[in-house]
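What follows is a short report on a single structure.
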Amino acid sequence: MSAAFIGLDLAKSVFQVHGVDAQGKVVVTKRLRRDAVLAFFANLAPCVVGMEACAGSHFWAREIARLGHTVRLMAPQYVKPYVKRQKNDRADAEAICEAVQRPSMRFVAIKTEEQQSTLAIHRVRETLVAQKTQLINALRAHLAEFGIVAPQGAGKVEQLTAVVADLEDTRVPVLARSALQGLVDQLRDTERRVEELDARLARQARDDKVCQRLTTIPGIGPITATALTATVGDATVFESGRHLAAWLGLVPRQNSSGGRERLGGISKAGDGYLRRLLVHGARAVMRWHGRTSPWLAGLLKRRPVNVAVVALANKLARIAWAVMARGEDYRKPDATAELAQG
């Protein structure tokens, strides 16, 4: 058997293989158990292996590439059009094999273990932040039942925790106080864990040269910088900053036809976590520099605040691409150049 292209449909336990030769003739269709995948590819001559970018795909891509094969990862939505009729494992593997041969196909860069480790820190932090919000909401709701409220904002929660800790405050019954103290303890433990992860990401940003350059951009701090370097990796895979911004979904969604352009809200494609970080960073820049920047001031006169924030996030993504791809520090434009950009 001499396969030139192989489509591998990934799964937890049972994998499906579909291979063709250089002329497109099917040479193998086979189901593999998880423990037999590497042994199967070890006995094959080097070929192109296509897979969908999904959970576990980067691990398998690294392992199969070590055996001498050329591995290509593709977004599932790019593979779906090649599925014939109904969906099953064999049809998926055949579609992957067909898609990987297309000269216009866009491929996903294979992440290293270091990149995935950094992203694991970000995902754990995101989970803890969500749990922190849940605990705060629960504490507010329970104390509101006893007529105790505090102003909005996470920084005002200390007023509520002080009420729970004050044993002389008779507004909270003894039975409820013991239960709510558990929420307070868990909240403080979650906050401590988030601070530890923030410190770890800050140290990583200080030690990484690319992150150091990214943090010179207004609106990008250690968390966003480490997320960019771990998610994007080699920025040169994008032809320009506009391609990176489009990949992040920070461009209008199109529904154009007949030469008439119809633009809607942002497409929200790509990595939602990274897009959210850039939008939050843009909102901070808008708050502190919205009036001092000529470009931002002019944009706010023409567009609503949220539209301007997304436009600034798009600009941050393009600047980040330039910094990563060219290996240069951020250079603040002068007022004349900034007005020309607007």
inquiry  = Considering only residues that are part of a helix (DSSP H, G or I) and open to solvent by 70 Å² or more (accessible area, probe 1.4 Å), which ones fall in region 136-152?
reply    = N137, H142
request  = Could you look through region 153-177, keep only residues that are part of a loop (DSSP other than H, G, I, E, B) and within 18 Å of N137 (Cα to Cα), and pick out the one that is least open to solvent (accessible area, probe 1.4 Å)?
outcome  = V172
task = Please work out which residue is farthest from the chain's Cα centre (by Cα), limiting yourself to region 54-92 and to residues that are closer than 23 Å to L248 by Cβ and not in a helix (DSSP H, G or I).
result = R72
query = Which one is nearest to A225 (Cα to Cα) among residues in region 149-205 that are without any contact (Cβ under 8 Å) to a residue 12 or more places away in the chain and in contact with a Pro (Cβ under 9 Å, 6 or more places away or on another chain)?
reply = R203
message = Going by what's in this entry, would H122 be described as of a type outside the set (A, V, I, L, M, F, W, C), at pLDDT 95 or above and over 28 Å from the mean Cα position of the chain (by Cα)?
response = no
task = Quickly run through region 17-53 and pick out the residues that are polar (S, T, N, Q) and not in a loop (DSSP other than H, G, I, E, B).
result = T29
query = If you go through region 258-307, how many residues are touching a Gly at 6+ places or on another chain (Cβ under 7 Å) and in a loop (DSSP other than H, G, I, E, B)?
reply = 4
query = L300 is checked against (1) crowded, with 16+ Cβ neighbours inside 10 Å; (2) within 27 Å of V232 (Cα to Cα); (3) without any contact (Cβ under 8 Å) to a residue 40 or more places away in the chain and fails just one. What number does that condition carry?
reply = (2)
task = For residues that are more than 29 Å from the chain's Cα centre (by Cα) and open to solvent by 60 Å² or more (accessible area, probe 1.4 Å), scanning just region 178-195, find the one that is modelled with the lowest pLDDT.
result = S178
request  = Tell me, yes or no, whether region 82-91 has at least one residue that is under 19 Å from D21 (Cα atoms) and crowded, with 18+ Cβ neighbours inside 10 Å.
outcome  = yes
inquiry  = Looking at D35 and the list (1) open to solvent by 10 Å² or more (accessible area, probe 1.4 Å); (2) in contact (Cβ under 8 Å) with a residue 24 or more places away in the chain, which single condition is not satisfied?
reply    = (2)
ask   = Looking at region 63-79, is at least one residue over 21 Å from G233 (Cβ atoms) and open to solvent by less than 60 Å² (accessible area, probe 1.4 Å)?
value = yes
ask   = What residue, among those in region 258-279 that are open to solvent by 50 Å² or more (accessible area, probe 1.4 Å) and over 13 Å from the mean Cα position of the chain (by Cα), is nearest to R125 (Cα to Cα)?
value = L263
query = Considering only region 211-230, how many residues are assigned to a helix (DSSP H, G or I) and buried (at least 19 other Cβ atoms within 10 Å of the Cβ)?
reply = 12
key: Restricting region 231-240 to residues that are assigned to a loop (DSSP other than H, G, I, E, B) and open to solvent by 50 Å² or more (accessible area, probe 1.4 Å), the residue that is nearest to E196 (Cα to Cα)   = D234
ask   = Pick from T133, T118, T127: which is hydroxyl-bearing (S, T, Y), farther than 25 Å from L38 by Cβ, outside any loop (DSSP other than H, G, I, E, B) and open to solvent by less than 50 Å² (accessible area, probe 1.4 Å)?
value = T118
note = Just one listed residue, out of A335, A308, A322, A340, is modelled with pLDDT of 90 or more, of a type in the set (A, V, I, L, M, F, W, C), open to solvent by less than 90 Å² (accessible area, probe 1.4 Å) and farther than 20 Å from T215 by Cα, and it is A308
task = Answer yes if at least one residue in region 245-257 is assigned to a helix (DSSP H, G or I), touching a helix residue (DSSP H, G or I) at 6+ places or on another chain (Cβ under 8 Å) and crowded, with 17+ Cβ neighbours inside 10 Å, and no otherwise.
result = yes
remark   = A199: passes all of (1) surrounded by 12 or more Cβ atoms within 10 Å (Cβ to Cβ); (2) over 30 Å from L143 (Cα atoms); (3) over 16 Å from the mean Cα position of the chain (by Cα) but (1)
query = Mind checking which pairs have a first residue in region 264-278 that is touching a residue at least 60 places away in the same chain (Cβ under 8 Å) and a second that is in a helix (DSSP H, G or I) and β-branched (V, I, T), Cβ under 9 Å, 6 or more apart or different chains?
reply = Y273/T231
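The values are calculated or read from the model by the stated rules, or taken from the named source; none is laboratory data. Since we're looking at a predicted model, the values are computed, not measured. For neighbour counting, all protein chains shown are included, and Cβ atoms are generated from backbone atoms with ideal geometry for every residue, glycine included. Heavy atoms of the whole protein, side chains included, go into the accessibility calculation; ligands, DNA and RNA do not. Shrake-Rupley method; radii C 1.70, N 1.55, O 1.52, S 1.80 Å.
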